[in-house]
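The values are calculated or read from the model by the stated rules, or taken from the named source; none is laboratory data. Quick caveat: nothing in here was measured; it's all calculated off a predicted structure. Heads up, the Cβs are rebuilt from the backbone with ideal geometry, glycines too, and the neighbour counts pull from every protein chain shown.
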Amino acid sequence: MSRRVGDRHTPRELSAIGHGGKYRVCVIVGTRPEAIKMAPVILELAQHRQVVETVVVTTAQHREMLSQALDAFGIKPHVDLGLMSTKQALADFTARAMLALSSCFSELRPDVVLVQGDTTTVLCAALAAHYLGIPVGHVEAGLRSGNLRNPFPEELNRRLASVVADLHFAPTETARENLRREGVPDERIFVTGNTIVDALRRMPRKASFDDSRLNDLPWEKRRFVLCTVHRRENLGEPLANICRALGELATMHTDTHFVFPVHLNPHVRDVVFDELSGMPRVELLDPLGYADLLELLRRSEFAMTDSGGIQEECPSLGKPVLILRKNTERPEVVDAGFGRVVGTDTLAIVDAATLLLDDYREIEAMTSGENPFGDGMAAQRIVQTLMRRAPKHAGGLPVQEGPALLPTRRVVEP
């Protein structure tokens with residue numbers, strides 16, 4: 001029985017269909033960032049359907065935002081475990097995900113399980129597969145902040161996933177060196193670039209937004225800054241400090257609008273709307289589709305964020321990013337000049353943003369470097385590595401590693 005990516009089945013139904021002699025790759029996604037960064041891999045795997053059986057499984061850790069991201073790439077999961085519940089505790093989700101994924105893998109019997117990044121879904125899928133003796137491939141392996149509590153629980157998740165992973169797809173040389181220091185053998189590490197660049201290349205520019213509120217903004221008359229905050233360690237007072245900084249900036253810079261797509265987490269929304277609702281020149285929106293978010297970033301002067309993905313997208317689009325965290329596991333963006341770590345202190349944020357808004361030469365200086373996150377071929381490198389392990393090779397020459405650092409400033413034109 002032939003299937004396309006997106007046909008919906010239960011694990012038991014897929015088990016009954018069988019592999020058909022193909023190499024079965026089970027791709028796990030649970031959140032929006034995972035979906036965006038795994039989409040190019042899923043689409044590249046689909047190009048090898050003669051020898052590869054791709055099964056997309058979602059935990060729906062973040063239901064609405066996950067579906068929004070997958071839809072942008074025309075992907076629907078084959079198996080939806082539906083583990084999301086309102087205000088679920090981390091331990092509750094972990095326990096439920098471990099049981100559900102273990103049962104799923106037992107029925108699917110994949111040849112390899114692919115996970116991406118550092119979410120709790122990643123940790124649970126990697127452990128469940130390892131317990132069953134199924135090889136694990138970790139996309140975006142080797143990122144480290146050096147602090148188990150920041151970001152939490154992501155730093156713990158990715159460290160533990162690295163312990164059980166068999167194939168480590170590192171986005172940069174820095175990530176490779178982190179893995180080497182932890183004792184991962186060289187032959188299991190593959191520098192591929194970051195799949196976020198692949199995803200960007202699949203999203204063309206838009207003449208208008210899907211979100212009508214964005215279309216109504218005075219794009220020709222004002223400057224714009226993109227703002228996002230969602231990380232667990234920024235909840236509470238740090239988030240309130242960030243909001244106060246945005247309020248001060250909007251008051252000081254009357255020619256600038258600050259556009260803030262607000263995460264669906266009620267702990268985020270409650271604080272953001274309490275602090276900023278009704279503030280002139282601060283636009284509070286629901287989460288945006290991926291194409292809208294990229295177009296907003298393209299039209300913005302810079303971004304202010306605690307998001308890892310936006311830290312990676314900014315260099316590809318030639319945009320500066322102010323990082324609203326104490327540290328970053330993506331030091332490449334800082335080393336290349338595109339990023340500055342400003343933390344969550346209100347005054348520090350105001351000063352850093354004002355420096356960029358008052359002197360465009362600062363923006364030019366931050367964006368004169370090279371994009372450290374690859375050439376948009378990461379998914380192809382990942383899939384070719386898997387193909388060399390499949391029973392039948394898909395044919396063609398293997399794609400070489402890297403380079404992780406491009407000789408050009410950006411991959412995608414802003």
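Values as computed for the structure displayed
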{"item": "Test: residue in the range 173-181 that is in contact with a His (Cβ under 7 Å, 6 or more places away or on another chain), in contact (Cβ under 8 Å) with a residue 40 or more places away in the chain and either assigned to a loop (DSSP other than H, G, I, E, B) or of a type in the set (Val, Ile, Thr) (or both)", "result": "no"}
{"item": "Members of the range 146-169 that are surrounded by fewer than 21 Cβ atoms within 10 Å (Cβ to Cβ) and out of contact with any Leu (no Cβ under 6 Å at 6 or more places or on another chain)", "result": "146, 147, 149, 150, 152, 153, 159, 163, 164, 166, 167"}
{"item": "Residue within the range 323-339 that is in contact (Cβ under 8 Å) with a residue 24 or more places away in the chain and within 15 Å of residue 249 (Cβ to Cβ) present", "result": "yes"}
{"item": "Flag for residue 291 being surrounded by fewer than 23 Cβ atoms within 10 Å (Cβ to Cβ), closer than 27 Å to residue 370 by Cα and within 18 Å of the chain's Cα centre (by Cα)", "result": "yes"}
{"item": "Any chance residue 232 is surrounded by fewer than 18 Cβ atoms within 10 Å (Cβ to Cβ), modelled with pLDDT of 95 or more and out of contact with any His (no Cβ under 6 Å at 6 or more places or on another chain)", "result": "no"}
{"item": "Residue ID - surrounded by the fewest Cβ atoms within 10 Å (Cβ to Cβ), chosen from residues in the range 246-271 that are more than 25 Å from the chain's Cα centre (by Cα), of a type outside the set (Val, Ile, Thr) and assigned to a helix (DSSP H, G or I)", "result": "252"}
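For (1) outside any strand (DSSP E or B); (2) free of Cβ contacts under 8 Å to residues at least 12 places away in the same chain, each residue gets a yes or a no:
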{"residue": "273", "(1), (2)": "yes, yes"}
{"residue": "280", "(1), (2)": "yes, no"}
{"residue": "294", "(1), (2)": "yes, no"}
{"residue": "298", "(1), (2)": "yes, no"}
{"residue": "303", "(1), (2)": "no, no"}
{"residue": "312", "(1), (2)": "yes, no"}
{"residue": "316", "(1), (2)": "yes, no"}
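Yes/no per residue for (1) in contact with a strand residue (DSSP E or B) (Cβ under 9 Å, 6 or more places away or on another chain); (2) more than 13 Å from residue 30 (Cβ to Cβ):
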position: 100; (1), (2): no, no
position: 125; (1), (2): yes, no
position: 136; (1), (2): yes, yes
position: 144; (1), (2): no, yes
position: 151; (1), (2): no, yes
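Here is a yes/no grid of residues against (1) among the acidic types (Asp, Glu); (2) under 23 Å from residue 370 (Cα atoms); (3) outside the structural domain of residue 256 (by TED's automatic domain parsing):
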{"residue": "197", "(1), (2), (3)": "no, yes, yes"}
{"residue": "207", "(1), (2), (3)": "no, no, yes"}
{"residue": "217", "(1), (2), (3)": "no, no, no"}
{"residue": "220", "(1), (2), (3)": "yes, no, no"}
{"residue": "225", "(1), (2), (3)": "no, yes, no"}
